[in-house]
Each structure stands twice: as C-alpha cells, then as structure tokens.
Amino acid sequence: MKLIDISMSLNAKTPPWPGDQPYSYKLTWGMEETGSVNVGQFQSSNHIGTHVDAPFHYDNDGSTIGELPIERFIGETLVVNMEGKSKIEASDLEPFQFEAVDKVLFRTLSWEDRLAFPHEYTVIAEDVAPFLNERGINLIGMDTPSVDPETSKELPAHQSLNQADILILEGLELGHVAPGIYELMAFPLKMDEADGSPVRAVLRQK
C-alpha cells in the first residue's frame, strides 16, 4: 500500500502565524566536540506547518494535546475537493457520502505559496460542525493555516467544531492528493500541557 506524505517541511523558510515563533534548528554539540554524535535542538510555535490544535488552544477548560486519545488521529478519511471556495458550508458537503469514514480532509489549494503566510484562504462555516457530527466525523483537516480567518478573534469555526467534539488538523499539503478514501495517520507529540503539536501527517492509499 502506498504512503502519501501530506506534511509541510519544517525549516527556516516555513512561515509562522504572523507574530508567532518561527521554526529554527541549530546544533548544540557537533561531532567535533563530542567525538561521536551530532546533537541539535529546535525552537518553534506548536502551530507552525502541519499541526493539530488541542481544544485548550481556544478553550481554557479544553483538553491539552497529551490528554487526547491517540486513536483520534488514525482512521478512514475522505478527501474532498473544495477548490474555489472562500468558505466551506454544510450545503457544499451534502453530495458526499460519509458512511465509511470518520475523518474528512478539505483540499482547497487556497494556500498557494508555502513560503509565505496567506492572508486570505478558505475557511469553515459554523454549520459544518453539526452537519459532520451527525455523520460521525471526529476530525477534519485543512490545507490552510486555520479553519478561521487570520483576523478572527471569536473563532466561530474552532468553537463550533469544539462543541461538536471534532478535532482540527491544519497546514496539510494536499495538492498531490486525489479526492477519495484513504487511511489517515497524523499523530501529535505526547506533550502533557501543550495547546497543539506539529504532526507528520500521512495517507495510506486503500
């Protein structure tokens, strides 16, 4: 079975959320110093590149990344094409069948230049969360930095998805993925107190 990497690379050119901590890596010790190994460290926001939001990110009483069940990050997944949409609404999802999956990834292609943060991109309407919850969906993924606009303070999509117990995966790379059903694996780091985590997101072709 073919594995398809749908993660952004993390390096000095990966754009952070405006004003947030960028990604950086440096060697703490080189082989010249240790005589045997290179040892490095990285510094980054939890929300750079391909990442999962924990409910604690937008709810002080919400679960942290370390508290979320690991099975929420693997499962049958429908990739749907939403190119040309400024906002995905429940009516856009009515033609699709969700019986065989519990996760949905939205292929919008609205983040074209991955070396720059997009100030306009496809977002999620509030009516999507109850629509998907009724169909047994427990995680959605976007190929954008967020499910809400950059300037939003109320975060209506985040809040509605949280109320429906639907987790959020953001910053995916889906330009090379055809719509269809796959198995998703996108495990966060087990950080007990964290509000989010980078992931290595992979689809397994059925």
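A compact table of results
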{"read-out": "Among 137-144, 86-93, 150-157, the order from most to least packed when residues are scored by Cβ within 10 Å on average", "value": "137-144, 86-93, 150-157"}
{"read-out": "Those lysines that a straight Cα-Cα span of less than 25 Å connects to Lys13, excepting residues fewer than 8 apart in one chain", "value": "Lys26"}
{"read-out": "Cut-off 16 Å, label 7 Å out along Cα→Cβ of Glu71, residues of region 95-117 by amide N", "value": "101-103"}
{"read-out": "DSSP beta bridges in region 27-153 [antiparallel fraction, %, rounded to 5]", "value": "15"}
{"read-out": "Estimated dipole of the chain in Debye, rounded to 20 [Cβ of Lys and Arg +1, of Asp and Glu -1, Cα centre]", "value": "740"}
{"read-out": "Solvent-accessible area per residue, Å², over the chain with all protein chains present [probe radius 1.4 Å]", "value": "51"}
{"read-out": "Qualifying chymotrypsin sites (Phe, Trp or Tyr not before Pro) for region 7-106 [loop in DSSP, other Cβ within 10 Å: at most 15]", "value": "Phe96"}
{"read-out": "Rel. contact order, % - alpha carbon contacts under 8 angstrom, at least six apart, region 1-108", "value": "18"}
{"read-out": "J(HN,Hα) series, region 108-121, from Karplus relation 6.51 cos²θ - 1.76 cosθ + 1.60, nearest Hz, glycine and proline x", "value": "9, 6, 8, 9, 7, 9, 6, 9, 9, 6, x, 8, 9, 7"}
{"read-out": "Whole-percent pair-distance distribution, where bins are 10 Å wide, for the alpha carbons of region 1-106", "value": "10, 24, 36, 20, 7, 3, 0"}
{"read-out": "Debye log10 I(q)/I(0) at q = 0.10, 0.17 Å⁻¹ for the chain, Cα point scatterers", "value": "-0.42, -1.18"}
{"read-out": "Within-9-Å neighbourhood charge of Gly75 [Cβ basis; K, R +1; D, E -1]", "value": "-2"}
{"read-out": "Semi-axes of the equivalent ellipsoid for region 83-146, Cα gyration tensor, largest first, Å", "value": "23, 12, 10"}
{"read-out": "Of all accessible heavy-atom area on the chain, the percent that carbon and sulfur account for (1.4 Å)", "value": "49"}
{"read-out": "Proximal lysines to Lys2, defined as alpha-carbon separation beneath 23 angstrom and excluding residues fewer than eight positions away on the same chain", "value": "Lys103, Lys206"}
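The values are calculated or read from the model by the stated rules, or taken from the named source; none is laboratory data. Bear in mind that the values here come from a model prediction, so they are computed numbers and not experimental data. Neighbour counts run over all protein chains shown; Cβ positions are idealised from the backbone, glycine included. Note: accessible area is taken over every heavy atom of the protein model, side chains too, but ligands, DNA and RNA are not part of it. Shrake-Rupley method; radii C 1.70, N 1.55, O 1.52, S 1.80 Å.
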